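Nothing in this text is a laboratory measurement; each read-out follows from the coordinates by a stated rule. If you're wondering where the values come from, they're calculated on a predicted model, not measured in any experiment. Positions of Cβ are generated from backbone atoms using ideal geometry, with glycine treated the same way; all protein chains shown enter the neighbour counts.
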Amino acid sequence: MRLPNAYLSRIDRQKITDYLLSSNNPRGRTKADFFLRFGFSIDRWEDFAEALRLQAASHEVALVLETAYGPRYHVDGPIETPDGRNPRVRTVWQIDLDSDYPRFITAHPRRR
């Protein structure tokens, strides 16, 4: 199964600039170090957002967890990076109960 309505997916800018690519965020620092190593940058956060969308749309859902707010979809697979190394990551998306579009929750490295 693929992420439902992946073409409608939404990613909050602050989730990327203030968390996933921010070396200043104590909770996101290790994720930022990982993604920055592959050539992503805060200055071009839109490229990272597009790579996350493409990763989610291109790979099968590995896990679905039902939450009180709606189903949460975990997608595992390589992400296209600026330096071309394309590491395997897990992206997490949620479709809220009152919505039909996937909302980006987080991403993190995944071992092969």
* Asked: Expressed as an acute angle from 0 to 90° and rounded to the nearest 10, what is the orientation of the C-alpha long axis of helix 45-58 relative to the principal long axis of the chain?
  -> 40 degrees
* Structure fact -> Bounding extents of the chain in its principal axis frame from Cα atoms, largest first in Å, are 34, 26, 22
* Any idea what the relative contact order of the chain is, in percent, if you count C-alpha pairs under 8 Å spaced at least 6 apart? -> 27 percent
* Among Thr91, Thr67, Thr81, whose mean-square fluctuation peaks in a Gaussian network model of the chain (Cα, cutoff 10 Å)? -> Thr67
* Structure fact -> Of Ala51, Ala32, Ala68, the most mobile residue in a GNM of the chain (C-alpha springs, cutoff 10 Å) is Ala68
* Return Arg103, Arg27 ranked ascending by Cβ neighbour count within 10 Å, so the fewest neighbours appear first. => Arg27, Arg103
* Dipole size in debye (nearest 20) for the chain around its Cα centre, Lys and Arg Cβ +1, Asp and Glu Cβ -1? -> 480 debye
* To do: Springs between alpha-carbon atoms under 10 Å, Gaussian network over the chain: tell me which of Ser99, Ser41, Ser58 tops the mean-square fluctuations.
  => Ser99
* To do: Multiply the residue separation of Asp83 and Asp47 by 0.36 nm, subtract the distance between their alpha-carbon atoms, and state the gained length in nm to one decimal.
  => 11.7 nm
